[in-house]
Amino acid sequence: MGEWLASLQLENGAFPALDLRTPVVFDTGQILHGLIDLTEDPSCFRYESSIERACLWLIDIQDGSGAWTKGAYLNTAHVYSTRVAWALFRAGRLLGETRFEKAAVRNLDWAATQQQPNGWFRNNSLKDQRRPILHTIVYAARGFFEIGGLLDHDGYRDA
């Protein structure tokens, strides 16, 4: 599976949408999680080069705010991309690249600005921002929770 996924990687380091041409932030993050899992397993092939290339693409296109709009669904920043940030953070730890970890934290800091007083997040849905779906809610929560745990940061864990 890992070799097939790595074979899909675009020249710029991103992983594509179903059309196999369009670079997508979320898909890149999802595949990063898989490649990291495989690389952490000593019995599996190592994918450090693919992981690094994907991370370099993610930090290259990250907005100054920490969000991702370029390469995002509808070219709109989404809080659920904290799941991508978690993959980027994990890659930073795996490869010893603090710049990947810092970029992941920038995304969480941006996402935290989207939280409403009632706990809900703006920009955490695929289309109708008034009605986020459970899928995107869990993606956002998981990114905060996992990075918060790795950093022992209560503010992220409690978001």
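Just so it is clear, none of the values below were taken in a lab; they were calculated from the coordinates. These numbers come from a predicted model, not from an experiment.
How far is helix 134-151 tilted off the main Cα axis of the chain, in degrees rounded to 10, range 0 to 90? On a 0 to 90 degree scale, this one is about 70. Calculated from the structure at hand, volume of the Cα convex hull per residue in Å³ is found among (1) 139; (2) 109; (3) 93 as (2). Amide H contacts under 5 Å for residue 121: 116, restricted to partners 5 or more places along the chain or on a different chain, H placed in the peptide plane at 1.01 Å from N. With θ taken as phi - 60° and the Karplus curve 6.51 cos²θ - 1.76 cosθ + 1.60 applied, the whole-hertz 3J(HN,Hα) list for segment 52-61 is 4, 4, 5, 5, 4, 5, 4, 6, 5, 9 Hz, x standing for glycine and proline.
For the pair residue 150 and residue 1 in one chain, pulling the backbone fully straight at 0.36 nm per residue adds 50.9 nm over the alpha carbon distance.
Applying 0.36 nm per residue to the separation of residue 76 and residue 134 and subtracting their alpha-carbon distance, the gain on full extension is 19.0 nm.
For the chain, the longest principal axis of the Cα atoms and the long axis of helix 98-112 meet at an angle of about 30 degrees. Relative to the dominant Cα principal axis of the chain, helix 82-95 is inclined by about 40°. Each Cα pair under 8 Å and six or more residues apart adds its separation to the average, and for the chain the resulting relative contact order is 18 percent. Estimated purely from DSSP H runs of n ≥ 4, each contributing -39500 (n - 2.57), the mean residue ellipticity at 222 nm for the chain is -17500 deg cm²/dmol once divided by its residues. Taking 0.36 nm per residue of sequence separation and removing the Cα-Cα distance, the residue 157/residue 127 pair yields an extension gain of 8.2 nm.
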